[in-house]
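Input: a single structure, listed below in structure tokens.
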Amino acid sequence: MRVNGHRGEIHGVVLAHARARGVDVRLGVNVVRYFEEEGLAGVETEDGQRLTADVVLAAEGVRSRGRKLVLGFEDRPQPSGYAVFRTWFAADELLRNEKTRHLVENGDSHTGWIGEDVHFLAAAIKGGREMSWVCTHRDEGSIEESWQFPGKIEDVLKVVNGWDPVVVELVKLTPPERLFDYKLVFRDPLPTFISPKARTALIGDAAHPFLPTSIQGASQAMEDGVVLAACLDKAGKDKVQEAVRVWERIRYERVHKIQQTGVATREQWHKADWDAIWKDPESMHLKREAWILNFDAEADAYASYDAVRDELEKGQAS
């Protein structure tokens, strides 16, 4: 299944489904520590609560506090040398403007522009009622304190100076209060996604942060969840640790291979050989490989679980 839309809508759908199934969802609770004991894992919250479970998933992004438990030390994200201006807003003004009307008047659409070491992607969503755009650009700023800052329209205009008038007009019509500048960070590939007792797992960006050019960050986080659910279902409550170890083995190689596609696409766009592109325009198209997009992660997890478990058991016995 392929879904086009704003991830906030997907969050809303998932939240509504979880609550409909009776899941205890607590918003606005800050986790300050992850821990494991014999037979359980848990978290401590800022307000002093201690919550425990058979398995805990750390899913709060590149600065997840769960990484310390899994790795055994405090690591820091590294700057990638790039940042991304990002925004989303109602498309009313765009519809009234002759330069930008075509971006939204025909419903959902995607349009991209490529420049020297920069790219700009605009997406009309919700049937053309909203606009979302991103602009990835060079940036050497520090990420010590934060990776998100308010963006400035004038800074974006400097980046796209001399570009297609459609891009310039789109930026000018962007509400300043809706513009953000995100630092793109990376982590060295982790040796493991799971804790020593295999009761805590890092998923999503906490385990494997993706560059936006991969267009796979959210998808791979969902694959993480789907595969872990299948593994837990196969193993049962008494074999949670087995399920977590099998899950990591199933996910590890695939997710790291897909991570590299984001780097490759950024290099392809930002260091484009325009003479070669004029001869072969198709070479600039985003690669949508079947092994990534047409993959049934749930079915694969159920099909491969027993073999992966046996492989792990042989490794422990040898």
### Message
On the basis of being touching a residue at least 24 places away in the same chain (Cβ under 8 Å), assigned by TED's automatic domain parsing to the domain that holds Gln260 and surrounded by fewer than 19 Cβ atoms within 10 Å (Cβ to Cβ), does Pro165 make the cut?
### Response
no
### Task
Starting from the stretch 170-185, take each residue that is at pLDDT 95 or above and list its partners that are among the acidic types (Asp, Glu) and surrounded by fewer than 19 Cβ atoms within 10 Å (Cβ to Cβ), counting only C-beta distances under 7 angstrom and pairs at least six apart or across chains.
Leu173/Glu93
### Message
Take the residues in the stretch 98-110 that are crowded, with 16+ Cβ neighbours inside 10 Å and in contact (Cβ under 8 Å) with a residue 40 or more places away in the chain; name whichever of them is nearest to Leu170 (Cα to Cα).
### Response
Thr100
### Summary
The number of residues in the stretch 195-251 that are in contact with a Pro (Cβ under 9 Å, 6 or more places away or on another chain), surrounded by fewer than 23 Cβ atoms within 10 Å (Cβ to Cβ) and not in a helix (DSSP H, G or I) is 1
### Query
So which residues in the stretch 53-80 are surrounded by fewer than 14 Cβ atoms within 10 Å (Cβ to Cβ) and either polar (S, T, N, Q) or touching a Pro at 6+ places or on another chain (Cβ under 6 Å) (or both)?
Gln78
### Task
Mind listing whichever residues of the stretch 293-318 are in contact (Cβ under 8 Å) with a residue 40 or more places away in the chain, farther than 27 Å from Gly217 by Cα and aliphatic (A, V, I, L, M)?
Leu312
### Task
Residues being within 23 Å of Leu202 (Cβ to Cβ), at pLDDT below 95 and of a type in the set (Lys, Arg): count how many of those fall in the stretch 1-56.
2
### Message
Could you check the stretch 265-318 and list, in sequence order, the residues that are at pLDDT 90 or above and of a type in the set (A, V, I, L, M, F, W, C)?
### Response
Phe295, Ala297, Ala299, Ala301, Ala303, Ala307, Val308, Leu312
### Query
Counting only residues that are under 24 Å from Lys99 (Cβ atoms) and among the acidic types (Asp, Glu), how many does the stretch 159-190 have?
3
### Residue satisfying condition, being over 30 Å from Asp238 (Cα atoms) and assigned by TED's automatic domain parsing to the domain that holds Ala41, within set Arg86, Arg129, Arg96, Arg63
Arg63
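The values are calculated or read from the model by the stated rules, or taken from the named source; none is laboratory data. Everything quoted here is computed from the prediction, not taken from an experiment. Note that we place each Cβ from the backbone using ideal geometry, even for glycine, and neighbour counts take in every protein chain shown.
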